[in-house]
Amino acid sequence: MLTGKHVLLIIGGGIAAFKSLDLIRRLRERGAVVTPVLTKAGEAFVTPLSVSALAGTKVYGDLFDLTDEAEMGHIQLSRVADLIVVAPATADLMAKMAQGHANDLASTLLLATDTPVLIAPAMNVRMWQHPATQRNRATLAQDGVTSVGPGEGDMACGEYGPGRMAEPLEIVAAIERHLSTGPLNGKRVLVTSGPTHEPIDPVRYIANRSSGAQGTAIGTALAALGADVVFITGPADVPPPAQAKVVRVTTAEEMRCAVMAALPVDAAIFAAAVADWRLKEASGRKLKKSKEGLPKLDLAENPDILRDVANLSENRPDLVVGFAAETDDVVAHATAKRVRKGCDWIVANDVSEASGVMGGTDNTVTLIDDAGAEDWPTLSKTDVATRLAARIAAALSKA
Ligand code: CTP
């Protein structure tokens, strides 16, 4: 929640400005007070009236507006906020900020303030990749400006690549992280989630029944405590947490690469149901039925990502948590698994068909650490995640 927090929102002139209207709505839903500043270029994309209606307050636009200056001077306007958010942060606005220009209200506020600034860049992919923009980005980062996005995708200009403004909920999450006083504030936590798919041929794959629900609940609970969550997910049914940095993968090998690239982190939670095997060599063409008999599927073992991370000599997270999906002798198997893999905790759960865990909403887990096994009651996956996140926060505060 952002109850009583004051956000000064500078809306730059880009097609993504329309998303800022939704951003205002989301911020107000969470109890924030939003003071909007619309640049001249921004007015070409959204009207002051719609911004004002959604923010429930007046819109500031002109540096030399006498009424505005009489009510609240621009210097004061820049100081009352808990956070200044620039969304969309256009290439031009970023350049002005990096150079210290002050030739309109937005740039003047940004120069006059000592309040933290968060930018959500949005521009054409070539503009984003241009050395000038990248220089400006580096300068702004050095100046302590944080950024969220840009994301990759189809752009309004018909091109594809990085430059798309982060979605409103991602920006809200970044704002919450900034303003959060949660116990995981400043901690970076990695979560793996979902199944992996191991190709057999272009149309078939080896997989498992994981929906990704428990992983998403864990990512959401960690972010709610202020953690910066890197969420590495296979092809899951349940969408990833809106508040996390999401990395989508398909195979175990891709998941392993993404995990290693995300290090260092303070804690790593391995909730993914990684396929243990892949085909030694997936076929490039669809396998056909043949009179010679059944196709021979030659299997190879996948890398054990949890074990590899738990045994790192450099960059090992302070806390490594694995899951143990078992169908029988749950605690005995999971206790042995903790030692075999070298992780700190194992969250053991019964995934036999009778338990209904795979694809269901509830989970009955046992938390195993070096002190022994602690049975938790049957809880919703959300409640398991909330409880686990609180335990992780307590453990990291001692680390
Ligand atoms: N895991 C992993 N990489 C793998 C396999 C599993 O990171 N290649 C992680 C899972 O995310 C989970 C833990 O290891 O946190 C245990 O997964 P599980 O499937 O229960 O165990 P397995 O390693 O497959 O062991 P077994 O086949 O003996 O059950």
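Quick look at the numbers
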read-out: Check on residue 328, touching a helix residue (DSSP H, G or I) at 6+ places or on another chain (Cβ under 8 Å) and either open to solvent by 40 Å² or more (accessible area, probe 1.4 Å) or away from the ligand (no atom under 12 Å from the Cβ) (or both); value: no
read-out: Members of the stretch 337-354 found to be in contact with an Asp or Glu (Cβ under 9 Å, 6 or more places away or on another chain) and either more than 14 Å from residue 308 (Cα to Cα) or touching a residue at least 60 places away in the same chain (Cβ under 8 Å) (or both), listed by number; value: 345, 346, 348, 349, 350, 351, 352
read-out: Restricting the stretch 221-263 to residues that are in a helix (DSSP H, G or I) and of a type in the set (Gly, Ala, Ser), the residue that is modelled with the lowest pLDDT; value: 224
read-out: Filter pass, residue 236 being hydrophobic (A, V, I, L, M, F, W, C) and within 16 Å of the ligand (Cβ to nearest atom); value: yes
read-out: Residues satisfying the stated conditions in the stretch 353-365, i.e. open to solvent by less than 70 Å² (accessible area, probe 1.4 Å) and within 13 Å of the ligand (Cβ to nearest atom); value: 357, 365
read-out: Given (1) more than 9 Å from the ligand (Cβ to nearest atom); (2) under 30 Å from the mean Cα position of the chain (by Cα), index of the condition residue 302 fails; value: (1)
read-out: Failed item, numbered, when residue 190 is tested on (1) away from the ligand (no atom under 15 Å from the Cβ); (2) touching a residue at least 24 places away in the same chain (Cβ under 8 Å); (3) under 22 Å from residue 148 (Cβ atoms); value: (1)
read-out: From 122, 141, residue being within 23 Å of residue 83 (Cα to Cα), among the aliphatic types (A, V, I, L, M) and in contact with a Pro (Cβ under 6 Å, 6 or more places away or on another chain); value: 122
read-out: Listing of helices (runs of 4 or more DSSP H) fully contained in the stretch 100-217 that carry 2 or more residues being touching a strand residue (DSSP E or B) at 6+ places or on another chain (Cβ under 7 Å) and open to solvent by less than 10 Å² (accessible area, probe 1.4 Å); value: 105-112, 168-179
read-out: For residue 347: the one exception among (1) within 16 Å of the ligand (Cβ to nearest atom); (2) in contact with a Ser or Thr (Cβ under 6 Å, 6 or more places away or on another chain); value: (2)
read-out: One residue from 220, 251 being touching a residue at least 40 places away in the same chain (Cβ under 8 Å), more than 14 Å from the ligand (Cβ to nearest atom) and either surrounded by 14 or more Cβ atoms within 10 Å (Cβ to Cβ) or β-branched (Val, Ile, Thr) (or both); value: 220
read-out: Conditions (1) aliphatic (A, V, I, L, M); (2) more than 16 Å from the ligand (Cβ to nearest atom); (3) open to solvent by 80 Å² or more (accessible area, probe 1.4 Å): number failed by residue 339; value: (2)
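Table: residues versus (1) within 20 Å of residue 198 (Cβ to Cβ); (2) away from the ligand (no atom under 16 Å from the Cβ).
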residue: 257; (1), (2): yes, no
residue: 286; (1), (2): yes, yes
residue: 290; (1), (2): no, yes
residue: 295; (1), (2): yes, yes
residue: 310; (1), (2): no, no
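The values are calculated or read from the model by the stated rules, or taken from the named source; none is laboratory data. These figures come from a predicted structure and were not determined experimentally. No Cβ is skipped: glycine too gets one built from the backbone with ideal geometry, and neighbour counts run over all protein chains shown. The area values use the complete protein model at the heavy-atom level, side chains included, leaving out ligands, DNA and RNA. Shrake-Rupley method; radii C 1.70, N 1.55, O 1.52, S 1.80 Å.
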